[in-house]
Structure formats: structure tokens, C-alpha cells
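Values quoted throughout were computed directly from the atomic coordinates according to the rules given, and no laboratory measurement underlies them. Note that the coordinates shown come from a computational prediction; the quantities given were computed from them, not determined experimentally. Here the Cβ positions follow ideal geometry from the backbone for every residue, glycine too, while neighbour counts run over all protein chains shown.
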């Protein structure tokens with residue numbers, strides 16, 4: 001470690017650095033602000049919200065897979081909507097893992113079309129990872145259907 005014998009040497013070094021960079025100017029443009037995420041439909045936002053409330057614990061954030069369950073973003077490239085619905089409603093078991101049935105869970109079944117739509121958009125590359133942009137207000141017909149499904 002080099003020790004300075006006086007504060008004057010430190011001051012001289014600092015002034016030398018300042019003088020050396022005094023004529024320097026940055027020639028690159030400032031970084032552009034990130035593009036705002038495209039707004040999504042209420043249904044897509046609802047799917048994101050319900051997926052993260054009910055499915056992400058096992059299938060990971062944004063449908064990317066987790067410790068206990070596979071990536072749904074990848075799975076939806078190979079299965080159709082009917083197979084997806086059947087698996088959610090009835091569950092699935094294989095030698096190592098099991099997915100429980102959610103057929104009697106209104107927190108999933110009342111929003112199953114929204115969850116599928118959200119995951120399909122992720123699978124198709126139409127929706128990036130993360131919380132979707134500001135959703136529109138909940139439409140009245142959606143609120144009415146939700147209330148009827150939830151028994152409110």
C-alpha cells in the first residue's frame with residue numbers, strides 16, 4: 001500500500017485528473033427510455049393475476065416452470081386448449097409428479113379461460129414476462145359473470 005506523505009500530493013493528483021478530463025465530452029447518445037409495455041385486455045390481465053395467485057407456486061413465475069412442475073409456456077406449444085382444460089379440471093399424475101385437480105376450485109375454474117389466454121399469449125411470444133401493462137377497467141359483463149360463477 002502506498003502512503004501519501006502530504007495532502008498536497010493527493011490534491012495535486014486530483015487536479016491532474018481533472019485537468020486531463022476537462023476537454024473530454026461524451027459522444028454517445030443518452031440511453032433511450034425503455035418502451036412501455038403494450039396494454040392488454042382485461043381477460044389477459046385477469047389470467048396473469050389468477051395464474052400468479054393459483055398456479056405460479058408450482059409452475060413458476062410467468063409460466064416458465066418451477067421446482068415442482070413444468071413450464072406451461074413450453075407445454076402450450078405441444079398441447080391444445082382441450083388438453084390444457086382436461087389437465088386443470090381432472091389433474092394429472094405420472095411416476096414422479098402429480099398435479100391436483102382444480103375442477104372444484106372456483107378461484108381457478110371461474111377464470112380458466114383467462115388463465116389459458118394469458119399462458120397462450122406467453123407461449124406464442126405475444127406477451128413478455130412480468131406484470132402486463134395497465135389493464136382497462138373490469139368490464140361489466142366480466143364482473144357479472146364473475147359474480148355468478150363465484151356465487152355472489
Open item on the list: With N set to the number of residues, divide the alpha-carbon radius of gyration of the stretch 83-152 by 2.2 N^0.38 Å and report two decimals.
Closed with: 1.33
Open item on the list: Let me understand the stretch 39-121 better: what is its radius of gyration from the alpha carbons, and its Dmax, in angstrom?
Closed with: 11.9, 41
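May I ask you to derive the FRET efficiency for residue 98 and residue 145 from their Cβ-Cβ distance with R0 = 35 Å, giving the value to the nearest 0.05?
0.70
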- [ ] Would you mind computing, in nm to one decimal, how far apart the modelled labels at residue 126 and residue 85 are, each placed 7 Å from Cα along Cα→Cβ?
- [x] 1.8 nm
